[in-house]
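The values are calculated or read from the model by the stated rules, or taken from the named source; none is laboratory data. If you're wondering where the values come from, they're calculated on a predicted model, not measured in any experiment. Because the Cβ atoms are built from the backbone with ideal geometry, glycine has one as well, and the counts that use them run over all protein chains shown.
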Amino acid sequence: MPLAVLPLVLLAAVFHAAWNALLKASENPLSLATRALTWGTIVSLPPVAVAWLLTGRPGLPWAGWLLALGSAFLELIYFIALSVAYRRGELSVVYPIARGTAPLLAVLVGLLLLGERLHAIALLGVVALLGGIWAIRRPAAAGSALWPALLTGVMIAAYTSLDRIGVRLGSPWIYGWLLWLFGAIFLVTYARVRRVPGSRLTDEPKLSLAVGVLMTAAYFMILFALSVAPLAIIAPLRESAIVLVTAWGIWRLGERRGAWLRLAGALAIVAGIALLTVG
């Protein structure tokens, strides 16, 4: 595995943590997400087009288009649920619950539907995940933010499952950009129908562009990393953003109630993900 992938994945984690912090800090997270995803689709088109030309103009089968469309719809629900969670709860509670739920769901699907068995290391990972989520939720009593945060985690697990198939059907760059395009169309349409205030591209263009660049860069960094390195290494490194976001919420946003327990919970979640990936 190229050593250059490690700092790339860690940088993607920093970018992911940054755009989530900015989303939480905004007055209307959903409108910012709509503008950011649209700007990200626009600014990523030239480099994706160049990559497409340099790699011989690869195509994508219809199955890939359908998977990208389905994944984009799930991401619409993801952004809606995440925005509701951020409006109701604290960053250092919502983000770890959302990101920690997805791998836990993957384990449950494997056990209940696929008849898989857990090795001892993976079992420790499940215990660490459950303990971490409990530790983060307990001091803050996540309250009304809990269910949208959990739904966000469900959507992460769902669209990630589709994406793991989609990126193998053709060029991951083409699939990723199509997913971004469909996601932007869905979000813009939803914002117009629901009359979400502040969702026009002309609203806060600098902030929208900054979040869009962070969001898109983190996404394509992970796509590239997954194309040259095993998931067992990428997954836990990527989720190191949980610790970064939790620390940011405590330090910068003043979410200090049960701070040490939350940090310990965030570390436990990352450790649990690592153990599940290895196991």
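What are the residues in the range 15-68 that are among the basic types (Lys, Arg), closer than 23 Å to Phe186 by Cα and either without any contact (Cβ under 8 Å) to a residue 12 or more places away in the chain or loosely packed, with under 15 Cβ neighbours inside 10 Å (or both), if any?
Taking the range 15-68 first, the residues among the basic types (Lys, Arg) are 24, 35, 57.
Within this subset, residues satisfying the condition of being closer than 23 Å to Phe186 by Cα are 24, 35.
Passing the criteria: none in range.
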Of the residues in the range 191-214 that are of a type in the set (Lys, Arg) and assigned to a helix (DSSP H, G or I), the one that is nearest to Leu37 (Cα to Cα) is Lys206
message = Being outside any helix (DSSP H, G or I), touching a residue at least 12 places away in the same chain (Cβ under 8 Å) and surrounded by fewer than 23 Cβ atoms within 10 Å (Cβ to Cβ) is the requirement here; does Arg168 meet it?
response = no
Of the residues in the range 26-65 that are hydroxyl-bearing (Ser, Thr, Tyr) and not in a helix (DSSP H, G or I), the one that is nearest to Ala218 (Cα to Cα) is Ser26
*asked:* Looking for something in contact (Cβ under 8 Å) with a residue 60 or more places away in the chain, surrounded by fewer than 21 Cβ atoms within 10 Å (Cβ to Cβ), within 25 Å of Gly131 (Cβ to Cβ) and under 20 Å from the mean Cα position of the chain (by Cα) - is there at least one such residue anywhere in the range 87-100?
replied: yes
Checked pairs for the range 135-152, first closer than 14 Å to Arg257 by Cβ and outside any helix (DSSP H, G or I), second among the small types (Gly, Ala, Ser) and modelled with pLDDT of 85 or more, C-beta under 8 Å and 6 or more apart or across chains, list as Ala142/Gly89; Ala142/Ala149
Of the candidates Ser227, Ser199, the one satisfying the condition of being surrounded by fewer than 19 Cβ atoms within 10 Å (Cβ to Cβ) and in contact (Cβ under 8 Å) with a residue 12 or more places away in the chain is Ser227
Kindly evaluate Arg168 against the criterion of being more than 20 Å from the chain's Cα centre (by Cα) and either at pLDDT below 95 or among the hydroxyl-bearing types (Ser, Thr, Tyr) (or both). no
A careful count of residues in the range 99-124 that are closer than 30 Å to Ala36 by Cβ and either of a type in the set (Lys, Arg) or at pLDDT 90 or above (or both) gives 1
Counted residues in the range 249-279 being of a type in the set (Gly, Ala, Ser) and more than 26 Å from Arg87 (Cβ to Cβ) come to 6
Taking the range 249-279 and keeping residues of a type outside the set (A, V, I, L, M), part of a helix (DSSP H, G or I) and buried (at least 16 other Cβ atoms within 10 Å of the Cβ) leaves Gly249, Arg262, Gly265, Gly272, Thr277
